[in-house]
Amino acid sequence: MTVLQVLKFPNPVLKRKSALVTQFDAALRELAEAMLETMYVEGGIGLAAVQVGQLKRMIVVDARDGVGEDEAERRNPYFYVNPLILESEGETVSEEGCLSVVEFTADITRAEKVLLEYEDLAGETHQEALEGIKAICVQHEIDHTKGKLFIDHLPLIKRQMVKKRLAKLARSA
Ligand SMILES: [Zn+2]
């Protein structure tokens, strides 16, 4: 089991754009598995490769929407390589947090439903219609691949205040 270090705001790598994945090899599969393990250890429902310092357009998501008594049984992981939102519909507001943004959550507006196009770990292209928490999570993770954090969705004044506070918190940690 490999657990990777999750980069925290204000690490400048989090602002960088991830590159298209073109090599669907063993290294990509290993990274995907390590990202998943890291996400479980950290208790998250999604993780983008940039959060572990890899500027690749790959995200892992697990909304724990499987069937079972406990958390481990409900695990239902998905790997999305080069994810792209083709269509979005509706609006929904929910409280978001992020493994890269410690001790802060905020209500963020997202599309309610999205049509996602992505490649799997073998490089096959798929489409999937998403709604609910998984749709929200995928939008949050795709933002990461573009160098954007959920706090970047806050109104300007609030965003500046929050970033200043989080940067101070990070310095004193
Ligand atoms: Zn995040």
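The values are calculated or read from the model by the stated rules, or taken from the named source; none is laboratory data. Everything numeric here is computed off the predicted structure, so don't read it as measured data. Glycine also receives a Cβ, built like all others from the backbone with ideal geometry; neighbour counts cover every protein chain displayed. When the accessible area is computed, the model is the full protein with side chains, heavy atoms only, and any ligands, DNA or RNA have been set aside. Shrake-Rupley method; radii C 1.70, N 1.55, O 1.52, S 1.80 Å.
Of all residues in the stretch 125-144, those that are within 11 Å of the ligand (Cβ to nearest atom) and touching a Lys or Arg at 6+ places or on another chain (Cβ under 9 Å) total 3. Between Ser88, Ser94, the distinction of being in contact (Cβ under 8 Å) with a residue 12 or more places away in the chain, within 16 Å of the ligand (Cβ to nearest atom) and among the hydroxyl-bearing types (Ser, Thr, Tyr) belongs to Ser94 only. In the stretch 109-124, the count of residues that are within 16 Å of the ligand (Cβ to nearest atom), under 15 Å from the mean Cα position of the chain (by Cα) and surrounded by 14 or more Cβ atoms within 10 Å (Cβ to Cβ) is one or more.
Take Glu33 and decide whether it is more than 16 Å from the ligand (Cβ to nearest atom) and either surrounded by 16 or more Cβ atoms within 10 Å (Cβ to Cβ) or of a type outside the set (Lys, Arg) (or both). Criteria met by Glu33. For Thr38, indicate whether it is open to solvent by less than 20 Å² (accessible area, probe 1.4 Å) and either without any contact (Cβ under 8 Å) to a residue 12 or more places away in the chain or part of a helix (DSSP H, G or I) (or both). Against the criterion (open to solvent by less than 20 Å² (accessible area, probe 1.4 Å) and either without any contact (Cβ under 8 Å) to a residue 12 or more places away in the chain or part of a helix (DSSP H, G or I) (or both)), Thr38 qualifies.
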